[in-house]
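S.K.: Mind looking over this structure? Questions follow.
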Amino acid sequence: MRKVILYTAISIDGFIAREDGNIDWLSTFDDGANDDHDYKLFYENIDVTLMGNKTYQQVLTFPVPFPYPDKKNYVFSHEKQKSNEFVEFVNDDIYEFINHLKKQPGKDIWLVGGAQLNQLLLSFGLIDEIIMTIIPIALGKGISIFGQQSIEQKFKYSDSKIFSTGCVQIKYTI
């Protein structure tokens, strides 16, 4: 069965974005030596992305074309929206939708985020693995990785790496 992997970057104080959703602080940790923190390797092993509508709207502000054109992209929204060439909007029951998706043949599934979707999938027990890259910056306040009301869930340490940028990547599994 396919795995749902939350692959994300967080600040040292546990935020995935500034309060306004901005992630500009991520680009300040590019060391110029083409250290992609194993992103390309991860990206090759997924064929589906999952994201909430706020995250999707943030992605659209990036100064580059849509970053996942070769993947099947699902955006979860409370409002009915028309799908486009890059994303399919979903307002179905999230639990049923993702359970069905996990049973389909294919590569792993990337939970891009954001906090509300992360929180829902955590509460449903649908996250199989977390790969978080800790960025050595304290934002002070922002959007927490699982929002404000996440539930307790235990994970097991699997692996870690330290990059030349000072970032630390930790992998946890169920």
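S.K.: Determine ³J(HN,Hα), in whole Hz, for all residues of the range 157-166 in sequence, where each value follows from phi through the Karplus function 6.51 cos²θ - 1.76 cosθ + 1.60 and θ = phi - 60°; x replaces Gly and Pro.
M.R.: With the stated coefficients, the range 157-166 comes to 4, 10, 6, 8, 9, 10, 9, 4, 6, x Hz.
S.K.: Only helical DSSP H runs with n ≥ 4 go in: add -39500 (n - 2.57) per run for the chain, normalise by residue count and round the 222 nm mean residue ellipticity to 500 deg cm²/dmol. Intermediate results must be reported in sequence, preceding the final value.
M.R.: Numbers: 4 runs with 32 residues, N = 174.
Counting only the DSSP helices, I get -5000 deg cm²/dmol.
S.K.: Given an 8 Å cut-off on Cα distances and at least 6 residues of separation, report the relative contact order of the range 4-173 as a percent. Working shown, then result.
M.R.: Numbers: 293 pairs, mean separation 61.7, N = 170.
Normalised by residue count, the contact order of the range 4-173 is 36 percent.
S.K.: Which of the pairs Lys71/Lys102; Lys3/Lys80; Lys71/Lys161 have their Cα atoms more than 18 Å apart in this structure?
M.R.: Working: Lys71/Lys102 15 Å; Lys3/Lys80 27 Å; Lys71/Lys161 26 Å.
Over 18 Å apart, Cα to Cα: Lys3/Lys80; Lys71/Lys161.
S.K.: Give me the angle, in degrees from 0 to 90, between the Cα long axis of helix 94-103 and the longest principal axis of the Cα atoms of the chain, rounded to the nearest 10.
M.R.: 80
S.K.: List the residues whose amide H sits under 5 Å from the amide H of Ile10, counting only those 5 or more places along or on another chain, with H placed 1.01 Å from N in the peptide plane.
M.R.: Residues meeting the amide H criterion: Thr133, Ile134, Ile135.
S.K.: Viscosity 1.567 mPa s, temperature 4 °C: what is the translational diffusion coefficient of the chain from Stokes-Einstein with a Kirkwood Rh over Cα pairs, rounded to a whole number of µm²/s?
M.R.: Values: Rh = 16.7 Å.
Translational D for this selection: 78 µm²/s.
S.K.: Mind checking the full-extension length gain between Asp13 and Ile162? Use 0.36 nm per residue of separation minus the Cα-Cα distance, one decimal, nm.
M.R.: On the way: separation 149, 0.36 × 149 = 53.64 nm, distance 1.76 nm.
Extra length from Asp13 to Ile162 when fully extended: 51.9 nm.
S.K.: Scan around Lys71 for amide H atoms under 5 Å from its own, H built in the peptide plane at 1.01 Å from N, and keep only partners 5 or more places away or cross-chain.
M.R.: none
S.K.: Distance from a point 7 Å along Cα→Cβ of Ser77 to each backbone N in the range 86-126: keep the residues under 11 Å and list them by number.
M.R.: The answer is 87-91, whose backbone nitrogens lie closer than 11 Å to the label point.
S.K.: Could you go through the range 54-71 in sequence order and give the Karplus-derived ³J(HN,Hα) for each residue, using 6.51 cos²θ - 1.76 cosθ + 1.60 with θ = phi - 60°, rounded to whole Hz, and x for Gly and Pro?
M.R.: 5, 5, 4, 4, 5, 4, 5, 7, 4, x, 9, x, 3, x, 10, x, 9, 10
Where a number appears in this text, it was derived from the coordinates with a stated rule and is not lab data. These numbers come from a predicted model, not from an experiment. Glycine also receives a Cβ, built like all others from the backbone with ideal geometry; neighbour counts cover every protein chain displayed.
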